[in-house]
Number of protein chains: 2
Amino acid sequence: MSYRLPVELSKCYRLLNHGPTVLVSSAHGTTVNVMAAAWSMPLDFSPPKVAVVIDRNTLTRQLVEGSGEFALNIPSREMAKATLAAGSVSGRELDKFRAHGLQTFAADKIGAPLLDGCLGWLECRVLPEPQIQDRYDLFLGEVVAAWADPRAFRDGHWLFEEGQPRSIHYIAGGNFFETGTEFEIEK
Amino acid sequence: MSYRLPVELSKCYRLLNHGPTVLVSSAHGTTVNVMAAAWSMPLDFSPPKVAVVIDRNTLTRQLVEGSGEFALNIPSREMAKATLAAGSVSGRELDKFRAHGLQTFAADKIGAPLLDGCLGWLECRVLPEPQIQDRYDLFLGEVVAAWADPRAFRDGHWLFEEGQPRSIHYIAGGNFFETGTEFEIEK
């Protein structure tokens, strides 16, 4: 199981603020699934909320609508191959956990599993907005628990040291960017 | 005026897919403004749509609600200081264009000005969803025109060559990441 520490809810937006690609994990009844999503973002600080696009044709959509829960898992470059694969095939056709060697561990507040090897995790409960779910495939969630691998994110800050795992940003066609150099602007 | 070429609407999601921080420009009547937003994302491919969080207390909110239009401008690291400043002070207190030396040029389809020196531009018309605007400060827009500086984005792809301007990703407290190294995963 990934080593992880809780992230204060007031700081958990920082896990997503730089726009990384995420893996959305979900469960309903005995069915679990994972898909990739480049389209997610923070929505509010307190209580923390997120927005994510979940296509109507996905198994994830069915599980999230059924359970009212999902998790956003932030993969590192080491997981890019599994991330691309998780975004390319439906969980209706394939057990993506088994096919891509993805291990999971139990979340604290929700039923969806969390993905081993990720850098951060946001456990979310759907804020039901049926009209925009239906019209735009857009789901809003309140973050009810958050975690990070302290080698990558500690005391509310990402620490992407040279040679250490970094988050990734999907472009298209199997191409990603790594999260790059950090810099500071004096206010 | 920035050198720019049109971006096919079917490819314009790629300007935002990697989660860069944007500058939101807006105009209503004779009032114009610009603010920074780390919380934006693509929402659909065709017709292309975007989502962006615009706080209810901002001048931008008033201009976007008044005009039904906004532009997302994608700044480079060279514009990080102006981006931070544009996110820190209200346009009610300061002419941010003048204060930060931001030049603009006319958009093609909307009244909001586009910001010189950016890497890409998305001209958007609000898709009115009063309930989520009011409840979550969340605005959805259809992209009606898109542009990019061909030195940074060409033929539907970002080309961040060594030493050339790159997009940026805001974290918190004046800290940003640059968009990092590109890599490809074979499907």
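Once the label point is set 7 Å along the Cα-to-beta-carbon vector, what list of distances in nm do you get between A:Gly29 and its counterparts in the other copies?
Between copies, matching label points for A:Gly29 lie 5.8 nm apart.
I need two numbers for segment B:58-111: Rg to one decimal and Dmax as a whole number, Cα atoms only, in Å.
11.9, 31
Please report, for A:Pro130, the nm distances (one decimal) from its label point, 7 Å out from Cα along the beta-carbon direction, to the equivalent points in the remaining copies, shortest first.
2.0
So how much slack lies between B:Asp95 and B:Gln164, counting 0.36 nm per residue of separation and subtracting their Cα-Cα distance, in nm?
Answer, rounded to one decimal: 21.9 nm.
As an exercise, find the ratio Rg/Rh for segment A:37-187 from alpha-carbon atoms, using the Kirkwood inverse-distance average for Rh.
0.96
In a solvent-free Debye calculation with one equal scatterer on each Cα, what is log10 I(q)/I(0) for segment A:97-184 at q = 0.17, 0.26 Å⁻¹, listed in the order of the q values?
Result of the Debye calculation: -1.03, -1.21.
Going down the list B:Lys49/B:Lys109; A:Lys109/A:Lys187; B:Lys11/B:Lys187; A:Lys11/A:Lys187; A:Lys49/A:Lys109; A:Lys49/B:Lys49, which pairs span over 27 Å between their C-alpha atoms?
Over 27 Å Cα-Cα: A:Lys109/A:Lys187.
How charged is the neighbourhood of B:Tyr136? Take every other residue with its Cβ under 9 Å from the Cβ of B:Tyr136, and add Lys/Arg as +1 and Asp/Glu as -1.
-2
Per 10 Å bin, what is the whole-percent P(r) computed from every C-alpha pair distance within the protein assembly as shown?
Cα pair-distance distribution for the protein assembly as shown, in percent: 5, 26, 36, 25, 8, 1.
Given an 8 Å cut-off on Cα distances and at least 6 residues of separation, report the relative contact order of segment B:68-180 as a percent.
Taking the mean separation of contacting Cα pairs over the length of segment B:68-180, I get 28 percent.
If I take the rotation axis that carries chain B onto chain A, which residue of chain B has the nearest beta-carbon, and at how many angstrom?
B:Gly19, 1
List, by residue number, every residue in segment A:17-32 with a reduction of 40 Å² or greater in accessible area between the chain on its own and the complete protein assembly, 1.4 Å probe.
A:Asn17, A:His18
Give, in whole angstrom and from largest to smallest, the semi-axes √(5λ) of the equivalent ellipsoid of segment B:5-45, with λ running over the eigenvalues of the Cα gyration tensor.
For segment B:5-45, the ellipsoid semi-axes come out as 22, 14, 9 Å.
Based on the alpha-carbon set only, what is the convex hull volume of segment A:1-88 divided per residue, in Å³?
Output value, Cα hull per residue: 115 Å³.
For A:Arg154 paired with B:Thr181, estimate the spin-label separation in nm (one decimal), with each label point 7 Å from Cα along the Cα-to-Cβ line.
Calculated label separation equals 2.3 nm.
Placing a label point 7 Å from Cα toward Cβ, how far apart in nm is A:Asp55 from its equivalents in the other copies, listed shortest first to one decimal?
Inter-copy label distances (nm, one decimal, shortest first): 3.6.
At most 15 other Cβ atoms within 10 Å and a DSSP loop assignment: could you name the trypsin sites (Lys or Arg not before Pro) in segment A:28-133 that fit?
Answer by residue number: A:Arg56, A:Arg92, A:Lys109.
What is the dipole size for segment A:51-187, taken about its Cα centre, with +1 at each Lys and Arg Cβ and -1 at each Asp and Glu Cβ, in debye to the nearest 20?
400 debye
The values are calculated or read from the model by the stated rules, or taken from the named source; none is laboratory data. Please read all numbers here as calculations on a predicted model, not as lab measurements. Using ideal geometry, Cβ is built from the backbone for each residue, glycine included, and neighbour counts are taken over all protein chains shown. Just so you know, the surface numbers come from the protein's heavy atoms only, side chains and all, with ligands and any DNA or RNA stripped out. Shrake-Rupley method; radii C 1.70, N 1.55, O 1.52, S 1.80 Å.
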